[in-house]
Structure formats: structure tokens, C-alpha cells
Amino acid sequence: MDFPIVDLMDPGACYRYLVDLLHPDGLSCPRCHRSDGMGVQARHRAPVLDYRCTHCGRVFNAYTGTPLHGTRRPPAQWVLIFRGFAQGTPTAQLARELGCDRMHLLDLRHRFQERAREPPRRSARSPARRPKRTRCSRMRGKKGVRHPNPDDPPRRRANKRRGHGNFANDRPPVVGVVSRDTGAIVLEVVERTDQETLIAFVTEHTDDGATVYTDEWSGYARLSAEGRGHATVNHTPGQREWARDDDGDGIREVHDNTLEGLWAALRTFLRPFRGISKHYLHQYVAVFQWAYNKVGVAGMVRTLLGLPLSTPTAS
Ligand SMILES: [Zn+2]
């Protein structure tokens, strides 16, 4: 159900929220970086004020030089847009609630979500990391690209082709690692799930000497040669075991239940969008990843704005 609230929100509070996000150290002149000489130049767009720097004469506002530079949307609309993007609200619903054009909003979503791909300054990587890893292939439509062949019309329903998905046959696989220590995840949309791709992904996102828990697909065997400990779980129907106690200490450490649950959560996140272009799937996966890694609301919006997380790592 649509529930428009943009007219109920306090414009001043929304503006201050955006200023705090964009300028965590306080607003200052974008040219000379001084904050002690800002005179109000114009208030016709209040609460967004135009300032003139008394030192260098530069006229600016809180959006100058930021990803919101030159935009005219009311602050309340920006807050609701970022809230919708961060929560995974479908674009059509968000456009109805905001009373704005859906295609324009979709363009905006893709521009901001693309920034979320860039890892924030604070890294999820830790020296003691022991990630595990599995594969996942899912059905995807092919939206947003003009179809060149009229004799081969685009599908109207999900791609039900069986077998391994790959980017070329419109079922781009998503691969992931999750750290046993921190619970942090790294997900990536890949072209295909061949050995070269998977081994490269696992070695890039795990540390030397890490133990990697996977399913029994033979392609992972080379992990040992890459300096990773490797343990597998049997997923073959009829002889399934979801967790196994390899060293007899009573703790069933060889499992990949975390990732199996993660794929279910990712599917749930993606489902309301009713089919995402494979060319933009990586963005939605990135938003899910940052939310899953608990960067917080402000961290999420700063990620969408392409800004570093405001608390640089102390370690
Ligand atoms: Zn100045």
C-alpha cells in the first residue's frame, strides 16, 4: 500500500539531516574552506540557503560540490528517496508516494546505487578473517535493454532454463564470502562460475591461510594450492549433510548454513523489484551487502552519496 508522507515531514529538519550527512565537520566555503564568514545571500529556496563567503566571495549552498549539486528537489523528498533506496523500496512504489516520474527516479536510483559499489573507507577486512564461500545461481530477466530480434521476443516471465546460470544466458550468478569471525559479507555478480572466476574471487576476498568452507563442487579443489585451508560440505541429494564435525570436538564446524541463509535473504530483498536488469543487478546486490554488513542508516546514505563513512577505522 502506498503511504505518502512527504507533506508531513518538517522541511527544516530534513535539510539539517542532509547537511549533517554531507558535511559531518560542519558547513564551510567550498573554495577557501573557512566557516567563519558565511553571510546569507538568498533565502528564496529556504530552508536551502545560498551563502556568500566574506573571505573569497564564493556563493554556495550546502549542496555545492556534493552529489546533490544543482538539484532542486525539496529536502524532504531527498530524505525519502534515500530511505527508499536504502530499504529496497521498489521504484514504482516510491515514485507514486513522492508524486514524481518513475523513469526519472530509476535513473537517479542507478546513479546513486552505482556509488554504493565503491567500498567505503572503512574496510570489512580483518587479519583474523576465516571466510567461507559457496556458489549461487538465480533466475533473472533481461530488462532495460532493447531487444534486437523481433522473431525472438523478450521473455515475460522468469527465465526457467535449467543448469548453471551465467551472465550471457541472462542468469548472472552471485558469489559471496562470509567471515566466520565478523559475519561481514562480500558479494559479487560474476560472468560465470568457472574455476578461474571462483578461485580469483575467493583469494581476493580472503586472507592467506584462511580456512574456506564450501560445498563439494570440484572447482574449489585448487584453493589448497592458493594457500587456503579448504573443507567441504556434501550437498548431493540423498546424502546431504548440513554440518559435520570433522575433528571430533563436538562442534560441527564444517557447514555453510550462513551462506545458504544469506541467499534466501538476498532473494527476499530482490523479489519486490520484480526483475532487475542484469546490467544493474550488481548495484542492488551492493545495497543489500552494505545493509547486511550493518553500516547503519547514516552509513548507508553516505555510501549511496559516494562519501566515506564518517568514522574512519581506529584499528
Ligand atoms: Zn571562501
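Per residue, how much accessible area does region 1-109 show when a 1.4 Å probe rolls over the protein heavy atoms, in square angstrom?
It amounts to 54 Å² per residue over region 1-109.
Would you please classify the overall shape of region 63-121 from the alpha carbon gyration tensor, given that a ≥ b ≥ c denote the square roots of the eigenvalues, rounded means a/c under 1.5, and beyond that prolate means a/b larger than b/c while oblate covers the rest?
Note, shape of region 63-121 comes out oblate.
For a quick check: with amide H placed at 1.01 Å from N, whose amide H comes under 5 Å from Gln41's, ignoring anything fewer than 5 positions away on the same chain?
Answer set, sorted by chain and number: Asp50, Tyr51, Arg52.
So what J values fall out for region 53-66 if you push phi through Karplus, 6.51 cos²θ - 1.76 cosθ + 1.60 with θ = phi - 60°, rounded to Hz, Gly and Pro as x?
Once θ is set to phi - 60°, the couplings for region 53-66 become 6, 6, 8, 10, x, 5, 9, 7, 9, 5, 8, 4, x, 10 Hz.
Testing the spin-label approximation: label points 7 Å from Cα along Cα→Cβ at Thr211 and Ala92. State their distance in nm.
4.8 nm
In whole percent, how big is the carbon plus sulfur part of the accessible area of region 1-127, probe 1.4 Å, protein atoms only? Please report the intermediate quantities before stating the final value.
Numbers: 3560 of 7230 Å².
With neighbouring chains kept in place, the figure for region 1-127 is 49 percent.
The values are calculated or read from the model by the stated rules, or taken from the named source; none is laboratory data. Just so it is clear, the model here is predicted, and its values are computed rather than measured. Virtual Cβ from ideal backbone geometry, glycine too; neighbours counted across all protein chains shown. Ligands, DNA and RNA are stripped out before the accessible areas are found, and what is left, the full protein with its side chains, is counted by its heavy atoms. Shrake-Rupley method; radii C 1.70, N 1.55, O 1.52, S 1.80 Å.
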